[in-house]
Amino acid sequence: EINDCELLFDFNGVTNANNSNRQKQNINLEIQSKFEDSYKVKFKSVVEAIQGGNSFLVNLTVKHPIVLSHSLLDVFYASRAKYKMYYKEEFVVFSPEPFVQIRGGKIYAYPMKGTIDASLKDADKLLQGNDKEMAEHVTIVDLIRSDLSRVASNVNVNKFRYIEKIESVRGSLLQASSEIEGTLPDNYREKIGDVIIQLLPAGSVSGAPKTKTVELISKTEGEPRGFYTGVCGVFDGKELDTGVMIRYIEKKDDGYYYRSGGGITSRSKCQEEYEEVIKKIYVPIN
């Protein structure tokens, strides 16, 4: 049983939170310090591993100290996202990215790769026409197709690289996603946990090939991610809806930290990747 004094969730409208008596706050967020030099060291290590053939896509993440105007609970109620969760003033997540959804005997995945500042002129075309972003997205789609094939048959890409807009207190972003579908065996409800376990960790927040890349991430990032980039969701006995735990603020003894990251390939440029990491530090607003 969930103690709603400690854990609150809202997954596509399925929620244990009472919004009716809650006044939404205007959340302000500022980055306290940037760590571009330390990011460069980690980026260099990842690129060398890619050039050495140990990986071809790595989701490198970092954390930045932030100044937050309100509590994590206030952030939970004020933010707008498909997957929101708050855990007793330790962390809050407001993720736009589904992990997998199961309904009607089908399993669906929606990998998200590719981000651009929506205020740029022709931002949609710039994102769609970026060769590096395209290669990264194709890699993730192939990885997730392979993952789904472990648990499902007739795996197909229904929609490839569609664009969604996300509003935040720091501006708007465009993000690219795809939809992949597979057919589950008739007895999937009896082993729903096994289905999920075989798909973890999420490919969009690890990389490819998955096993070696996860080892590289652990070595390079230098500290456990904790709940960050895990999955959260709800299963009612018939349908499952889960999200990837990105867009994540945690509270430590010395303050608040925002964790963010992005995919690194052989085509990546350090400055551009770090700028993307910074752009992802935001709270999506209602």
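The values are calculated or read from the model by the stated rules, or taken from the named source; none is laboratory data. Values in this document were obtained by computation on a predicted structure and should not be read as measured data. Heads up, the Cβs are rebuilt from the backbone with ideal geometry, glycines too, and the neighbour counts pull from every protein chain shown.
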Which members of segment 79-90 meet the condition of being surrounded by fewer than 22 Cβ atoms within 10 Å (Cβ to Cβ) and within 20 Å of GLY255 (Cα to Cα)? TYR87, LYS88, GLU89, GLU90
Matching option when the condition is among the basic types (Lys, Arg) and within 23 Å of ALA202 (Cβ to Cβ), among LYS44, LYS82, LYS24: LYS82
Where the second residue is part of a helix (DSSP H, G or I) and basic (Lys, Arg) and the first is in contact (Cβ under 8 Å) with a residue 24 or more places away in the chain and over 15 Å from GLY222 (Cβ atoms) and lies in segment 31-57, which pairs have Cβ atoms under 9 Å and are six or more apart or on separate chains? ASN54/LYS212; SER55/LYS212
Test set (1) at pLDDT 95 or above; (2) charged (D, E, K, R); (3) out of contact with any Gly (no Cβ under 7 Å at 6 or more places or on another chain); (4) farther than 24 Å from ILE66 by Cα - LYS238 fails condition number: (1)
Filter result for ILE107 (crowded, with 16+ Cβ neighbours inside 10 Å, at negative phi and either in a strand (DSSP E or B) or within 18 Å of the chain's Cα centre (by Cα) (or both)): yes
Of the residues ASP4, ASP37, which is acidic (Asp, Glu), modelled with pLDDT under 95 and within 22 Å of LYS280 (Cβ to Cβ)? ASP37
Listed residues GLY237, GLY233; which is in contact (Cβ under 8 Å) with a residue 60 or more places away in the chain and either part of a strand (DSSP E or B) or surrounded by fewer than 17 Cβ atoms within 10 Å (Cβ to Cβ) (or both)? GLY233
Considering only residues of segment 145-172 that are basic (Lys, Arg) and exposed (fewer than 14 other Cβ atoms within 10 Å of the Cβ), which is nearest to VAL195 (Cα to Cα)? ARG150
Evaluate the following for ALA152: is it in contact with a Leu (Cβ under 6 Å, 6 or more places away or on another chain) and closer than 19 Å to GLU97 by Cα? no
Looking at LYS191, LYS121, which is the one that is surrounded by fewer than 18 Cβ atoms within 10 Å (Cβ to Cβ) and in a helix (DSSP H, G or I)? LYS191
Residue count, segment 243-257 (criterion: buried (at least 22 other Cβ atoms within 10 Å of the Cβ) and either part of a strand (DSSP E or B) or out of contact with any Cys (no Cβ under 8 Å at 6 or more places or on another chain) (or both)): 6
Qualifying residues in segment 53-78 (those that are touching a Ser or Thr at 6+ places or on another chain (Cβ under 9 Å) and assigned to a loop (DSSP other than H, G, I, E, B)) - the one surrounded by the most Cβ atoms within 10 Å (Cβ to Cβ): SER55
Can we say ILE27 is among the β-branched types (Val, Ile, Thr), assigned to a loop (DSSP other than H, G, I, E, B) and in contact (Cβ under 8 Å) with a residue 40 or more places away in the chain? yes
Within segment 127-144, track down each residue that is surrounded by fewer than 21 Cβ atoms within 10 Å (Cβ to Cβ) and of a type in the set (Asp, Glu). ASP131, ASP142
